[in-house]
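The values are calculated or read from the model by the stated rules, or taken from the named source; none is laboratory data. All figures in this text were calculated on a predicted structure; none of them were measured in a lab. So basically every Cβ, Gly included, is an ideal-geometry build from the backbone, and we count neighbours across all protein chains shown. Side chains are part of the model used for accessible areas, which takes the heavy atoms of the whole protein and leaves out ligands, DNA and RNA. Shrake-Rupley method; radii C 1.70, N 1.55, O 1.52, S 1.80 Å.
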Amino acid sequence: MADDSPKERLVGVYSDDGASPWCVDCTCKMLTRRSYTAVRLTAEDILSGEWTRNFVGVVFPGGRDSPYHDKLQGPGNKLIRRFVERGGWYLGLCAGGYYGSARIKFCEGDPNMEIETSRELAFFPGSAVGPRYPGYKYVDNSGERIVSVIRPVSCRSPRDKEKRVYFNGGCYFSPVESKELKCSTTLWEYVGPSDTAPAVVGCCVGSGRAVLSGVHPEVGYADLDSSPHSDEVMSEMELHDSDRLKVLDDVFVFLENVTVDG
């Protein structure tokens with residue numbers, strides 16, 4: 001795992017069991033475009049703790065959250081949580097967003113897919129509830145779609161418009177009443193089908209920060225070539241490809257507003 005890149009630009013991307021190889025690739029490309037050096041980490045790398053001395057942040061990409069927990073529960077999650085509390089950052093995308101919440105409610109009522117459980121990182125003190133939109137399947141992209149998100153009213157300017165971004169099985173974030181909730185803020189909201197709900201949340205965690213996202217702003221139109229997608233998704237992504245960059249800008253403004261301890 002050795003890497004001689006400057007500390008302030010090293011970011012770990014979890015790429016062990018559960019992480020979608022396509023999502024890992026999209027995440028690494030996105031980080032490279034933002035002038036980070038992406039380093040793929042296994043569960044063994046996480047557990048070694050070596051990365052915590054050299055990295056500014058860590059990303060848990062899309063895929064499946066349960067295998068993340070299986071390999072990292074206990075010591076691994078404690079290392080990740082401590083890394084953030086001491087000034088690092090965590091970005092959870094789709095499965096990584098579920099994983100960074102205190103509770104998961106997934107596919108309620110589906111006997112084959114339902115998950116309702118707690119998680120240890122608990123950067124967001126409420127629940128990650130999903131999928132926000134129906135039709136998700138583990139085995140293919142049949143549940144994918146392009147969805148609208150917008151900045152919340154509290155930080156929205158008259159010029160702000162809805163942005164269209166890639167979605168596939170992601171959650172919305174349901175808060176609970178607690179003093180910890182004051183350390184969380186909604187960065188982007190889903191628009192519809194009948195109401196708004198937090199799609200991207202930012203959380204202050206000790207001296208560090210975490211952003212959890214139910215949508216995939218790391219996925220661009222060019223990334224769709226490497227995996228089968230519907231014509232409708234392809235055409236919408238081509239038309240709205242720049243929208244996701246606005247969402248990413250807000251994500252990294254929030255994450256980078258922190259000094260990493262030496």
Connecting every pair of Cα atoms under 10 Å apart in the chain and solving the GNM, the largest mean-square fluctuation among Pro131, Pro193, Pro152 falls on Pro193
With 0.36 nm assigned to each residue of separation and the Cα-Cα distance removed, Glu50 to Ser207 gains 54.6 nm
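Which values, in whole Å and largest first, are the semi-axes of the equivalent ellipsoid of the range 36-161 obtained as the square root of 5 times each eigenvalue of the Cα gyration tensor? Each step should come with its number before you reach the end.
Numbers: eigenvalues 137, 91, 42 Å².
Taking √(5λ) for each Cα gyration eigenvalue gives 26, 21, 14 Å.
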With 0.36 nm assigned to each residue of separation and the Cα-Cα distance removed, Asn112 to Glu238 gains 41.9 nm
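Equivalent ellipsoid semi-axes for the chain, as square roots of 5 times the alpha carbon gyration tensor eigenvalues: give them largest first, rounded to whole Å. Don't skip to the answer; put the middle values down first.
On the way: eigenvalues 128, 82, 78 Å².
Working from the Cα gyration tensor, I get semi-axes of 25, 20, 20 Å.
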Distance in nm between Ser35 and Asp17 label points, each 7 Å along Cα→Cβ, equals 3.9
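Kindly give the semi-axes, whole Å and largest first, of the ellipsoid equivalent to the range 128-262, taking each as the square root of 5 times a Cα gyration tensor eigenvalue. Numbers along the way, then the final one.
Working: eigenvalues 137, 57, 49 Å².
With the √(5λ) rule applied to the range 128-262, the semi-axes are 26, 17, 16 Å.
In debye to the nearest 20, how big a dipole does the range 112-197 give about its Cα centre with +1 on each Lys and Arg Cβ and -1 on each Asp and Glu Cβ? Intermediate results must be reported in sequence, preceding the final value.
On the way: 12 positive and 11 negative charges, 97 e Å.
Magnitude of the dipole: close to 460 debye.
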Listed by chain and number, the aspartates and glutamates with an alpha carbon less than 13 angstrom from that of Lys161, same-chain partners under 8 positions apart left out, are Glu189, Asp243
Partner aspartates and glutamates whose C-alpha sits under 15 Å from that of Lys137, ignoring same-chain residues fewer than 8 away, are Asp65, Glu108, Asp110, Glu114
The range 118-262 accessible area per residue, 1.4 Å probe, protein heavy atoms, integer Å², reads 48
Per its Cα gyration tensor (rounded if a/c is under 1.5, else prolate when a/b beats b/c, else oblate), the range 86-150 is best filed as oblate
Expressed as a whole-number percentage, the relative contact order of the chain with C-alpha contacts under 8 angstrom and at least six residues apart is 18
Scattering profile of the range 1-109 from the Debye formula, Cα beads only, expressed as log10 I(q)/I(0) at q = 0.24 Å⁻¹, is -1.50
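Report in % the part of the accessible area of the chain that belongs to carbon and sulfur, leaving out ligands and nucleic acids; probe 1.4 Å. Intermediate results must be reported in sequence, preceding the final value.
Numbers: 5570 of 11860 Å².
Summing carbon and sulfur atoms, their accessible area is 47 percent of the total for the chain.
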